[in-house]
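Taken together, the values in this text are just the output of simple stated rules run on the coordinates, not laboratory data. Since we're looking at a predicted model, the values are computed, not measured. No Cβ is skipped: glycine too gets one built from the backbone with ideal geometry, and neighbour counts run over all protein chains shown.
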Amino acid sequence: MSNQTIGDTPGRSHTGPSISILFAFRRFFVPFLIALVLLFVGVLVFYNFLLGDKVLLYKDVGADSVNDSYPYFVHLSDYIRREGLPSWSFYVGMGQSLFYLTGSLL
């Protein structure tokens, strides 16, 4: 009986990683590197909005970010600063729960 596995050649020892490991490394390294470069470019372009003190609001086609979302987030921020965990606010319509907005703060 022989202890050889499929693909082994007699008289040769395995001194380095197999070709399949190198292929798998290249297969996952190249997309990872591309994603990392794209992430770096995105952070570089939107640096002031991500890490600075500017807010990205659309005024043309996405005007609902200025007219609808921004006032809600300002109100929610003020409510959390004053009261803590958001529950009910009479400043939204006739009164409305603000708890559903906490997920959008993450």
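Per-structure values
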read-out	value
In nm, spacing of pseudo-spin labels at PHE40 and TYR72 (7 Å Cα→C-beta vector)	3.7 nm
Kirkwood Rh and Cα Rg combined as Rg/Rh, region 57-106	1.01
Stretch gain in nm, segment PHE32-LYS59, where the contour uses 0.36 nm per residue and the Cα spacing is subtracted	6.2 nm
Within-12-Å neighbourhood charge of SER20 [Cβ basis; K, R +1; D, E -1]	+2
